[in-house]
């Protein structure tokens, strides 16, 4: 690859769309039972809406938007825990931008900042460590958030803090894992899926082998996909071709970036610093066994959950918010009863309207409001 334009070529996109249409035309697909293909990753959801991929596809293919946005699956109670830490007078709380506006039961981190808490946006955990070095009399907490894509950078930062003897730095760990999440989706009795677009960024770290159970046990095809429109269209074509041929395999469309065995140095850092939690709570999906990580006992001094008293209370989403149903793929963003009216990017009720990878925010930004109004 030399230029991104190579993966945004409209002529090549038209060829791929025709190939998908030809495949679908050769299959016996009932009008009321389209092929349901879930894109697991929030980055894919964003690209699908941005480039209008859904509108290019034949009606026999339905894209289902999955729970692959880490900010979006954060339960409200964990946001309350963040606020409780941030509002302590000796704390500097550092976080990525998307997480600042996620609503808690009473306020977001951004509202806590407006009320006087020292909440600072950073671009990486190493930025947070630099803040700790510059403020040795304050406790600096980094909000560790994300799937396996961002877990290694937090682990490496903790190892750096240990090496440098920094004692006023800790992590509020909310890192999560993708494989138990996909398994929970596949075990859901009210969701029928025919195939998956596998996450590209996560797979750069873990490789493709961890997904083999999807094909072997559940007999569902998965194609690990890149994020440009041609990547996504080719991956959909590959999934549909597997379905037509009666195959269930894990294929790698994103081979230019994703190695089969993953990133060994990153994985070594992760398993040196973290261990699996017994269970972790997800917004919309409930508690999923072994779906999150926590710091090992050897790194307890860097664990904000052990350093600070936090409420650690489970809080239900507002009844009007249907983030859970959207995350599970049960409804489309525009089918939520508050989408585009009471819930907008300026006044979000749920996390999916906050994050740039959230299905609701992407749908709102790229023309979803008109779609929603037409449906009313």
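A quick yes/no check of all residues on (1) surrounded by fewer than 17 Cβ atoms within 10 Å (Cβ to Cβ); (2) at pLDDT 80 or above:
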position	(1), (2)
313	yes, yes
318	yes, no
324	no, no
334	no, yes
342	yes, yes
350	no, no
356	yes, no
360	no, yes
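Taken across segment 305-312, residues that are without any contact (Cβ under 8 Å) to a residue 24 or more places away in the chain and not in a helix (DSSP H, G or I) do not occur at all.
Kindly indicate whether residue 44 is within 21 Å of residue 332 (Cα to Cα), part of a helix (DSSP H, G or I) and touching a strand residue (DSSP E or B) at 6+ places or on another chain (Cβ under 7 Å). Quick ask: steps written out before the conclusion?
Working: within 21 Å of residue 332 (Cα to Cα): yes; part of a helix (DSSP H, G or I): yes; touching a strand residue (DSSP E or B) at 6+ places or on another chain (Cβ under 7 Å): yes.
For residue 44, the condition - within 21 Å of residue 332 (Cα to Cα), part of a helix (DSSP H, G or I) and touching a strand residue (DSSP E or B) at 6+ places or on another chain (Cβ under 7 Å) - is met.
Among the residues of segment 264-276, some residue qualifies, meaning at least one is more than 30 Å from residue 231 (Cα to Cα) and surrounded by 21 or more Cβ atoms within 10 Å (Cβ to Cβ).
With the condition kept exactly as written, say whether any residue in segment 124-147 is touching a strand residue (DSSP E or B) at 6+ places or on another chain (Cβ under 9 Å), crowded, with 19+ Cβ neighbours inside 10 Å and in a loop (DSSP other than H, G, I, E, B). Yes, that holds for at least one residue. For first residues located in segment 111-139 and closer than 14 Å to residue 169 by Cα, partners that are exposed (fewer than 15 other Cβ atoms within 10 Å of the Cβ) and lie 6+ apart or on another chain with Cβ distances below 7 Å form the pairs 129/160; 138/90; 139/90. Picking from residues in segment 53-76 that are part of a helix (DSSP H, G or I) and free of Cβ contacts under 8 Å to residues at least 40 places away in the same chain, the one that is surrounded by the fewest Cβ atoms within 10 Å (Cβ to Cβ) is 55.
Summed over segment 283-304, residues that are in contact with a strand residue (DSSP E or B) (Cβ under 9 Å, 6 or more places away or on another chain) and outside any loop (DSSP other than H, G, I, E, B) total 13.
If only residues of segment 93-109 that are without any contact (Cβ under 8 Å) to a residue 60 or more places away in the chain and surrounded by fewer than 19 Cβ atoms within 10 Å (Cβ to Cβ) are counted, the one that is nearest to residue 170 (Cα to Cα) is 97.
The values are calculated or read from the model by the stated rules, or taken from the named source; none is laboratory data. If you're wondering where the values come from, they're calculated on a predicted model, not measured in any experiment. Cβ: placed from backbone, ideal geometry, glycine included. Neighbour counts: every protein chain shown.
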